[in-house]
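First the structure, in the form of structure tokens, and then the observations on it.
The values are calculated or read from the model by the stated rules, or taken from the named source; none is laboratory data. Bear in mind the structure is a predicted one, so any value in this text is a computation, not a measurement. Neighbour counts are summed over all protein chains in view; Cβ atoms, including those assigned to glycine, are modelled from backbone coordinates with ideal geometry. To get the accessible areas, we keep the full protein, side chains included, count just its heavy atoms, and leave off ligands, DNA and RNA. Shrake-Rupley method; radii C 1.70, N 1.55, O 1.52, S 1.80 Å.
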Amino acid sequence: MTENARAPHLTARSRALPPWSLLAAGAVLGGLLGGAYGTFKAPTYTATSYVVAVPTEKSDQASALGFAQAYGRVATQLAVLGDAQVWAGVPVSTLRSSVQTATSPDAPMVAVSATSKRRDLAADMANAVARSLTRHANDTKRSTHVELLEFSRAVKPAAPSSAPATVTGLVGASAGGLLGGLGLLVRPRRRPQEPAPAASVPSPATAADVHGQL
């Protein structure tokens, strides 16, 4: 009996909450989850090595720029990673998932970046792939008339590249607030209660007829 009496009270209390309470709850919960993720997740480090394409006497700067774009695409292929795994001391699958390349449309340069939970391994992988790419490119420089040279070696990163807990907390709060806002949009809306029909009262004439029949 007590539970049945308490249930309407809780329902009425939940309906009395303002609509923005769902939005605030989602933001707070998302912020807590995002902050916990950034705190307990192991940091990652990124190291970058640079190589530059240089034209020979039989080529020009435009050709070097075009070959730099091509070298950036083949840097993560098996032919290059197969040699790089020996120098980095990791399998090809690790290099394939950890190494990325980037090129510029204005400069004949290739950036080789590697990400790892270890600072030294990130630098070793980036340098190994850049070294292997340089060797493969220079094996064909007599036909391409473009030479690939080491521009800058990767060093151990001083700070992690992964987002700190404050950033992940803000991202989580934004995502939670967004989900709370969506919940407000899709929640069922209460229909206004229709007024109860008024009780019909017999007219005086009808009441007199009924009294005469009796």
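Points to keep in mind about this one:
- Per-residue extension of 0.36 nm, minus the Cα-Cα distance of residue 141 and residue 78, leaves a gain of 20.7 nm for this segment.
- Extending 7 Å from the Cα toward the beta-carbon at both residue 159 and residue 62 defines two label points whose distance is 4.2 nm.
- Rounded to the nearest 10 Å², the accessible area of residue 124 at probe 1.4 Å: 70
- Residue-span extension gain [residue 120 to residue 150] - 0.36 nm each, minus C-alpha spacing: 8.9 nm
- Kirkwood-based Rg to Rh ratio, the range 43-86, C-alpha trace: 1.10
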